[in-house]
Every structure is written in structure tokens, then in C-alpha cells.
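The values are calculated or read from the model by the stated rules, or taken from the named source; none is laboratory data. This is a predicted model, so every value here is computed, not measured. Positions of Cβ are generated from backbone atoms using ideal geometry, with glycine treated the same way; all protein chains shown enter the neighbour counts.
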Amino acid sequence: MKYQSQKIAYWFFAAAMVLFSLQIVYGFIMGFAHVGLDVLHDWIPFNTARAVHTNLLVVWLLCGFMGSAYYIIPEEVDRELEWPWLAWLQYFSLLAVGVAAIGCYHFNIWEGRKFWKSHAHSIIWWLSMC
């Protein structure tokens, strides 16, 4: 690599590959459930697997595009990134939000809805996390 700040792209690509692998695992879980081999239904219901599978698709694609941007931009402008700490902040916030979303799907906090509705148990959970 020509520039030191391009190493940030490696972490985005590695996260994208892990997320892609998880998407394949959730796809297999849904495929097995579809043919009647639903042994994981007690832990991972079909609607949860579908929501996680779809969201993983979006997140690993975004992660890959962000990594490619952090790889290409220093070469195009012929200098290092000005503030690489912002790239790390973006990386860790992306991972934190992704883990929180998958956790909330599995613990049935948002129940697969796009928008968060004000439920008492959700508010208590968020306050306990702060």
C-alpha cells in the first residue's frame, strides 16, 4: 500500500467478509427451515432470520463500499487522509450499531419493524444500557 491510511480499508473489507459469511449462515438457516429442518426455531425464528439476513446484505455492501472509498481516495488525491480517526469512528460506530440491531432482533425488542415504537420495556432497556 502506498499510503498508511489505506490500511483502514483492510478492516472495512474484513468486516464486510465476516458480515457476508453471517448472511450466508442465516440464508442456510432459512433454507433449512423452508424444507422442514427447523431445529433452530426455538433460538432463531424464521422472521428474525429473515430480518437479520436482509439487514446483513445492506450492511456488508455499505461496509465494502466504505472500505473501497478509503482505499481509493488517498491514491486519487496523492496524500494521506486528513483525519483517519474519523474513519475509525465510522468503522466502530458501524459495528456497534450492527451488533445492537442484530441483538435487538434476536431479543425481539423491535420485532422487525423499521421504526422504533415507544414500548415500556424498550425504554427501560435503553435506559439500562446508558
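In table form, for the structure just shown:
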quantity	calculated
Among the residues listed as Asp78, Asp38, Asp42, the single one being closer than 18 Å to Phe107 by Cα, acidic (Asp, Glu) and out of contact with any Pro (no Cβ under 6 Å at 6 or more places or on another chain)	Asp42
Criterion (farther than 22 Å from Ile8 by Cβ, over 18 Å from the mean Cα position of the chain (by Cα), at pLDDT below 80 and aromatic (Phe, Trp, Tyr)) met by exactly one of Trp43, Trp110, Trp125	Trp125
Scan of segment 38-56 for residues that are buried (at least 17 other Cβ atoms within 10 Å of the Cβ) and in a helix (DSSP H, G or I), ordered by number	Thr48, Ala49, Arg50, Ala51, Val52, His53, Asn55, Leu56
Matching entry among Ala96, Ala87, Ala100 (being modelled with pLDDT of 80 or more, under 12 Å from the mean Cα position of the chain (by Cα), part of a helix (DSSP H, G or I) and under 30 Å from Lys2 (Cα atoms))	Ala96
In segment 1-37, residue nearest to Ala87 (Cα to Cα) [restricted to those that are part of a loop (DSSP other than H, G, I, E, B) and in contact with a helix residue (DSSP H, G or I) (Cβ under 7 Å, 6 or more places away or on another chain)]	Tyr3
Positions within segment 51-82 being within 14 Å of Ala101 (Cβ to Cβ) and touching a residue at least 60 places away in the same chain (Cβ under 8 Å), in sequence order	Ala51
Looking only at segment 9-37, and only at residues there that are among the β-branched types (Val, Ile, Thr) and at pLDDT below 90, the one that is surrounded by the fewest Cβ atoms within 10 Å (Cβ to Cβ)	Val35
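Residue by residue, here is whether (1) within 15 Å of the chain's Cα centre (by Cα); (2) modelled with pLDDT under 90; (3) surrounded by 12 or more Cβ atoms within 10 Å (Cβ to Cβ); (4) not in a helix (DSSP H, G or I) holds:
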{"site": "Leu62", "(1), (2), (3), (4)": "yes, no, yes, no"}
{"site": "Met66", "(1), (2), (3), (4)": "yes, no, yes, no"}
{"site": "Ile72", "(1), (2), (3), (4)": "no, no, yes, no"}
{"site": "Leu81", "(1), (2), (3), (4)": "no, yes, yes, yes"}
